[in-house]
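Colleague: Submitted below is the structure of interest, expressed as structure tokens.
The values are calculated or read from the model by the stated rules, or taken from the named source; none is laboratory data. In this text, all values refer to a predicted model and were calculated from it rather than measured experimentally. Using ideal geometry, Cβ is built from the backbone for each residue, glycine included, and neighbour counts are taken over all protein chains shown.
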Amino acid sequence: MNGIGKVYTTRIQYPHFSGLGVYDPNKVFTKPDENGKVYVDDVLSSICKANEVPPKDYVVIGGKTYKIVTIGSQTWLAENLEYLDDNIVLGNDDVSSTVAQANWFANNQSSSYGLLYNYTAVKYIEDNKSTICPGWHVPTENELKVIADLGYTAVRDDSWTNYPGDNSSGFTLKAAGQFTGTFSNKGLSTGLLSISTMGDLARRLNSVNLTNEISSTTKTVQLSLRLIKDS
């Protein structure tokens, strides 16, 4: 360690809390950018380890940090999922029930509404949850019903053009709209897909106007997705 001067260490930054991060004791270097990394001995590594600040209300999935919320016995993502990999087709206007697809609403990746997925993409995420989101899963219809039963006011934030809620539960349900070949209903409604099906239809939490309800939809429609923590 002698002679290397001031050192920096990488950390995962949690944007919701300024300055909160987790130190990585394996990546310590002499410049605040990623050039000129200098790996040092266990002494400095142990110092970094001792200064870790593990956040209790966040989880990292696919390199993105998500706020989480516990409601009763359930723990949910408090943000819509934005996971992508090479097995999910992004931005395909030809909607399909057999190809895993996703879209940013109106192709606007900078929005805070998350991705819209079709059921095949949701099924792919569930089938590969042990590597994509270990400890988490796509909700069942019954798990989403717990959220629906809280009522629209308790789960909605102020993104709703009509009938916004107070978000007293902290679930922060966004009015993210849908994609059916064209984008529609942003600010007016949203759907959260479940892994459950009824015949050839997917089951979802549908939130519109003054209601939250569990209903069916075609497997081609692209809607939002939240994950729930394994019990």
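Colleague: Of all the residues that make up segment 67-84, how many are hydrophobic (A, V, I, L, M, F, W, C) and touching a Lys or Arg at 6+ places or on another chain (Cβ under 8 Å)?
Modeller: Restricting attention to segment 67-84, the residues satisfying the condition of being hydrophobic (A, V, I, L, M, F, W, C) are 68-69, 71, 76-78, 81, 84.
Adding the requirement that they be touching a Lys or Arg at 6+ places or on another chain (Cβ under 8 Å) leaves 68, 76-78, 81.
Count: 5.
Colleague: Let me ask you something else. I'm checking my understanding of the structure. Among residues of segment 126-157 that are polar (S, T, N, Q) and more than 15 Å from Thr197 (Cβ to Cβ), which one is surrounded by the most Cβ atoms within 10 Å (Cβ to Cβ)?
Modeller: As a first pass, look at segment 126-157 and keep what is polar (S, T, N, Q): 128, 130-131, 140, 142, 153.
The next check asks that each one be more than 15 Å from Thr197 (Cβ to Cβ); those that pass are 128, 130-131, 153.
On the way: Asn128: 12, Ser130: 9, Thr131: 7, Thr153: 15.
So, considering only residues that are polar (S, T, N, Q) and more than 15 Å from Thr197 (Cβ to Cβ), the one surrounded by the most Cβ atoms within 10 Å (Cβ to Cβ) is Thr153.
Colleague: Still on this structure, I have one more. Hey, among Asn107, Asn87, Asn118, which residue is exposed (fewer than 15 other Cβ atoms within 10 Å of the Cβ) and closer than 13 Å to Phe179 by Cβ? Full working, then the answer.
Modeller: Numbers: Asn87 fails: closer than 13 Å to Phe179 by Cβ; Asn118 fails: exposed (fewer than 15 other Cβ atoms within 10 Å of the Cβ).
One residue alone meets the criteria, Asn107.
Colleague: Counting only residues that are modelled with pLDDT of 95 or more and among the polar types (S, T, N, Q), which one in segment 90-104 is surrounded by the most Cβ atoms within 10 Å (Cβ to Cβ)?
Modeller: Ranking the qualifying residues of segment 90-104, first place goes to Gln101.
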